[in-house]
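Participant: Here it is, the structure in full.
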Protein chains: 2
Amino acid sequence: MAEDVFKALADPTRRKILDELTERNGQTLFEICARLTTKHGLGSSRQAVSQHLAVLESAGLVVSRRQGRYKFHDLRTEPLERIVTRWLKPDAPESTP
Amino acid sequence: MAEDVFKALADPTRRKILDELTERNGQTLFEICARLTTKHGLGSSRQAVSQHLAVLESAGLVVSRRQGRYKFHDLRTEPLERIVTRWLKPDAPESTP
DNA sequence: TTGATAGGCAAGTCGCTACTTGCCTATGGT
DNA sequence: ACCATAGGCAAGTAGCGACTTGCCTATCAA
């Protein structure tokens, strides 16, 4: 539900994970760990990232597929498209001039 | 910055306050308290709602104007329109934590 | 089979945050 | 002048959430 989406987005590391998956979909846990530390400079442990991925997955923002000993993670943007329109009521759409 | 917007949206009571201001803009603290308890069934104290409004204001989602002994609160949706497009576009994401 | 890789599970620690409690200031009605 | 209303400030408490620690399972390559 939407409740979980907001909670999932509340953490900066999880948002970085979404950034990473936006840039390159279908990464494994270790790939995400490596790219978080090298590119974003975050020193997150494997378990920490694993728990973040679990939160993102239970929020519907990430789906995972197992293949052998690898587990690939894919981004799902559908939950994002629904949550913000809640407060962007029909009045005054000043987003595009 | 965007960081504060996500943190502000992480709390369900704050989201209810945004709902309330969406429905009727320019409410005072006591009005928001009253409508939260009656319409939404939340038993939030005055101080709790006051602190929530401070968080929303520092995130740029609410602005307040003083008038006599009243303080009116208005919704600002501009910060909302910026945050989610971060993952909806195929472009490179913003460099924000 | 052995060892290395990829990941999972569970309990525990620690910091942040939502909420309370108590007291304070200021404005306005009468 | 009085007092009720509208709101602010600050310290303290409780619980949730992020992260660690330690050990476990499963898969593949040699």
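Participant: Using the Cα centre of chain B as the reference point, and only Cβ charges (+1 on K/R, -1 on D/E), how large is the resulting charge dipole? Debye, rounded to the nearest 20. Don't skip to the answer; put the middle values down first.
Facilitator: Working: 16 positive and 13 negative charges, 87 e Å.
Here the size comes out at about 420 debye.
Participant: When the accessible area of chain B is computed with all protein chains present and a 1.4 Å probe, what percentage of it is carbon and sulfur?
Facilitator: Values: 2630 of 5230 Å².
Within chain B, the accessible surface is 50 percent carbon and sulfur.
Participant: Cut-off under 19 Å on the C-alpha distance; same-chain residues fewer than 8 positions from A:K71 excluded. Which aspartates and glutamates are left, in chain and number order?
Facilitator: A:D19, A:E20, A:E23, A:E31, A:E57
Participant: Applying a 10 Å radius around every beta-carbon, put A:32-42, B:67-77, B:48-58 in order of their mean neighbour count, most first. Write down the numbers at each step before the final one.
Facilitator: Working: A:32-42: 15.6, B:67-77: 13.7, B:48-58: 17.3.
The densest-packed peptide leads the list: B:48-58, A:32-42, B:67-77.
Participant: Remind me, relative contact order of chain B in percent, using alpha carbon pairs under 8 angstrom and six or more residues apart?
Facilitator: 32 percent
Participant: Just tell me how shielded B:80-88 is by partners: mean number of partner chain Cβ atoms within 10 Å of each residue's Cβ, no decimals. Each step should come with its number before you reach the end.
Facilitator: Working: counts 7, 7, 2, 4, 8, 3, 5, 12, 4.
Going residue by residue through B:80-88 and averaging, the value is 6.
Participant: Mind checking how much accessible area B and A bury in total, 1.4 Å probe, in Å² rounded to 100? Mind showing how you got there, number by number?
Facilitator: Working: alone 6300 and 6590 Å², together 10700 Å².
Buried surface at the B/A interface: approximately 2200 Å².
Participant: Can you tell which of A:T13, A:T85, A:T22 shows the greatest fluctuation in a Gaussian network model of chain A with Cα springs below 10 Å?
Facilitator: A:T85
The values are calculated or read from the model by the stated rules, or taken from the named source; none is laboratory data. Owing to the predicted nature of the structure, the values given are computational and were not obtained by experimental measurement. Glycine also receives a Cβ, built like all others from the backbone with ideal geometry; neighbour counts cover every protein chain displayed. Calculation scope for accessible area: heavy atoms of the full protein, side chains included, ligands and nucleic acids excluded. Shrake-Rupley method; radii C 1.70, N 1.55, O 1.52, S 1.80 Å.
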